[in-house]
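Novice: Have a look at the structure that comes next, please.
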Amino acid sequence: MDSVRIITPVRDGVLADALLEDGRLAELSLMPEKPSSILGNIYMGRVQNIVQNIQAAFVEIEGGLPCYLPLEDVKNPVYTKPKKRGRLAQGDELLVQVSREAVKTKAPSVTTNLNLAGKYLVLTTGNRVIGYSSKLRPEEKARLKGLLETWELPPAGLIVRTNAGQAGETELRKEYDRLCGQYRYLTEQAVHRTVCSCVMKNRPPYLNSILGSRSGCLKEILTDDPELYRQIQEFLAEEMPEDTGKLRLYEDRSLPLKALYRLEKGLSDALSEKVWLKSGAYLIIEPTEALTVIDVNTGKCTKGRAKQESIRRINLEAAEEIARQLRLRNLSGIILVDFVDMEQKETEEELLAVMREFLKRDPLKAAAVDITELGLMEITRKKQRKTLLEQAKECGI
């Protein structure tokens, strides 16, 4: 599947980061030109208090912002000074990384498991094991295991990403050495920084998007902004030199990049409650405070004589579009889907299996759990960034 990543201004002060797969919009994010997100930043935090009944601590970071730290996430924390006792206590100073942005009334979440991400590898301080992407082929995984066994690893863990499957030893080693350098900085120097200060800023979101793109599928990176082009060029030269040839500055002023790829139309559709399917059926997508509800309707679709076969086809078409919409709108948490009623159990099982296959394309962890007795499909998707709707509101769109 060929993909193109586009980073361009869509309004004054607002950037769009879009991914097109085979010419169709698959991901879309909005952000201020001056990044305001703290997701991924690493801080020297201070424990304000421990709340045992919810098994969590609240940790203060820069600007006095309180963040939620689940106690189960406190694994191998990096403190400013050695502790005589192992348990987290009020007043402790330690490194934390923002793992989830503030969502509505909920505070940002932080973790002591610091993640330093590269294109091929992620170095982790909490889970000191080597993990491999489930999307690596068996022969790729075997090759990488044999290679990593010869390396001298620091007291940290590694996650081997899907992109590593196509990488040679030289590229992997260069990235690994860079991540180890960041690890040494955090554990040897950052621990002496002022309490509550930011000790390592995350990259701008659009650079993280490029870094997380599947290398074998990404054919081109486009921008029509010279300053963005310069930033991306510097980033690629430092962290993804093998991809520098994919970057192109689009210079046709008569037809802006956002118009060429109809990004504003794509944004309008992605913020709409109704999504039409090619068959004439449609989806209604309604996010609520607790979960997202998606209703599949037959709409203009003519059932014809074979009613159940028609319903089966509508539901299968809807499943593919729902998996796309979850990525496009960045919907997460619990999602309930009310498909058109099916009479046969075998058809329900087929639909569940098909949905699980579609969700495997999602870069975030997503799973179709089951179909309930009421015929609702339960889906979960990892919460990380704000939804596209929330991003649009923050950007004044």
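The values are calculated or read from the model by the stated rules, or taken from the named source; none is laboratory data. Not measured: the values here are computed from a predicted model. A quick note on method: Cβ atoms are made from the backbone with ideal geometry, for glycine too, and the neighbour counts reach across all protein chains shown. Accessible surface is based on the protein model in full, side chains and every heavy atom, while ligands, DNA and RNA are left aside. Shrake-Rupley method; radii C 1.70, N 1.55, O 1.52, S 1.80 Å.
Novice: Treating cross-link reach as a plain straight distance, find the lysines whose alpha-carbon is under 29 Å from the alpha-carbon of LYS141, omitting any fewer than eight places away in the same chain.
Specialist: Those lysines meeting the cut-off are LYS75, LYS119, LYS174, LYS219, LYS246, LYS360, LYS365, LYS382, LYS383.
Novice: Follow-up question, since we're still on this one. Name the residue farthest towards the positive end of the dipole of region 84-214 from the options VAL160, MET200, SER109, assuming +1 on Cβ of Lys and Arg, -1 on Cβ of Asp and Glu, about the Cα centre.
Specialist: SER109
Novice: If you take the charge dipole of the chain about its Cα centre, with +1 on Lys and Arg Cβ and -1 on Asp and Glu Cβ, which of SER36, GLY126, GLY86 is farthest toward its positive end?
Specialist: The one lying farthest along the dipole's positive direction is GLY86.
Novice: Taking amide H positions as placed in the peptide plane 1.01 Å from N, state which residues far from ASN330 in sequence (5 or more) or on other chains have amide H under 5 Å from it.
Specialist: LEU388
Novice: Follow-up question, since we're still on this one. Could you go through region 52-64 in sequence order and give the Karplus-derived ³J(HN,Hα) for each residue, using 6.51 cos²θ - 1.76 cosθ + 1.60 with θ = phi - 60°, rounded to whole Hz, and x for Gly and Pro?
Specialist: These are the phi-based 3J(HN,Hα) values: 5, 5, 10, 6, 8, 10, 10, 10, 8, 10, 3, x, x Hz.
Novice: While we're on this one: Calculate the spin-label point distance for GLN90 paired with GLU62, positioning each point 7 Å from the Cα along the beta-carbon direction, and give it in nanometres.
Specialist: Taking the simple label geometry, GLU62 and GLN90 are separated by 2.8 nm.
Novice: To continue, here is another question. With a 1.4 Å probe and all protein chains left in place, how much of the accessible area of the chain comes from carbon and sulfur atoms, in whole percent?
Specialist: Carbon plus sulfur share of accessible area: 49 percent.
Novice: What residue among ARG324, ARG87, ARG184 shows peak mean-square fluctuation when the chain is described by a Gaussian network model with Cα springs under 10 Å?
Specialist: Looking only at ARG324, ARG87, ARG184, the biggest GNM fluctuation is shown by ARG87.
Novice: I've got another one for you. Give me the number: length gained by fully extending ARG11 to SER254, i.e. 0.36 nm times residue separation minus the C-alpha to C-alpha distance, one decimal in nm. All intermediate terms of the calculation are to be shown ahead of the outcome.
Specialist: Values: separation 243, 0.36 × 243 = 87.48 nm, distance 1.69 nm.
Roughly 85.8 nm would be gained on extension.
Novice: Work out the FRET efficiency for VAL354 and GLU227 from their Cβ-Cβ distance, taking R0 = 45 Å, and round it to the nearest 0.05.
Specialist: Computed FRET efficiency for VAL354 and GLU227: 0.55.
Novice: I would also like to ask the following. Taking R0 as 22 Å, what FRET efficiency do you get between ASP177 and VAL103 from their Cβ-Cβ distance, rounded to the nearest 0.05?
Specialist: For R0 = 22 Å, the calculated efficiency reads 0.05.
Novice: Would you grab the residues whose amide H sits under 5 Å from the one on LYS75? Only those 5+ places off in sequence or on another chain, please, with H modelled 1.01 Å from N.
Specialist: Placed amide hydrogens put THR112, ASN113 under 5 Å from LYS75.
Novice: I've got another one for you. Rounded to whole Hz and in sequence order, give me ³J(HN,Hα) for region 8-15 from the Karplus expression 6.51 cos²θ - 1.76 cosθ + 1.60, θ = phi - 60°, writing x for Gly and Pro.
Specialist: Once θ is set to phi - 60°, the couplings for region 8-15 become 8, x, 10, 9, 4, x, 10, 9 Hz.
Novice: Over region 311-396, what is the relative contact order in whole percent, taking alpha-carbon pairs under 8 Å and six or more residues apart?
Specialist: 36
Novice: Over region 42-146, what is the relative contact order in percent, taking alpha-carbon pairs closer than 8 angstrom and at least six residues apart?
Specialist: 23
Novice: So, one more: Only four residue types carry charge here, +1 at the Cβ of Lys and Arg and -1 at the Cβ of Asp and Glu. Report the dipole size of the chain about the Cα centre in Debye, rounded to the nearest 20.
Specialist: 700
Novice: Grab the DSSP H runs of the chain that are 4 residues or longer, score each as -39,500 (n - 2.57), total them, divide by all residues and round the 222 nm result to the nearest 500 deg cm²/dmol.
Specialist: Value at 222 nm, helices only: -8500 deg cm²/dmol.
Novice: Still on this structure, please answer the following. Please give the FRET efficiency for GLU390 paired with THR150, using the beta carbon to beta carbon distance and R0 = 35 Å, rounded to the nearest 0.05.
Specialist: 0.15
Novice: Could you order peptides 225-234, 23-32 by the average number of other Cβ atoms within 10 Å of their residues, highest first?
Specialist: Highest-to-lowest ranking by the protection proxy: 23-32, 225-234.
Novice: Would you kindly state how much longer the chain becomes between GLU188 and LEU376 on full extension, computed as 0.36 nm times their sequence separation minus their alpha carbon distance, in nm to one decimal?
Specialist: Roughly 62.5 nm would be gained on extension.
Novice: 5 Å is the cut-off here: which amide hydrogens, built 1.01 Å from N in the peptide plane, fall below it relative to GLU27, excluding neighbours closer than 5 in sequence?
Specialist: When sequence neighbours closer than 5 places are left aside, the close amide H contacts are LEU19.
Novice: Pull out the extension gain between SER272 and SER36, defined as 0.36 nm times the separation in residues minus the alpha carbon to alpha carbon distance; nm, one decimal.
Specialist: That works out to 82.4 nm of additional length.
Novice: To continue, here is another question. Suppose every K and R has +1 on its Cβ and every D and E has -1 on its Cβ; what is the size of the dipole of region 237-347 about the Cα centre, in Debye to the nearest 20?
Specialist: Values: 18 positive and 20 negative charges, 133 e Å.
So the magnitude is around 640 debye.
Novice: Give the relative contact order (percent, whole number) for the chain; include only Cα pairs under 8 Å separated by 6+ residues.
Specialist: Numbers: 710 pairs, mean separation 60.0, N = 397.
Relative contact order for the chain comes out at 15 percent.
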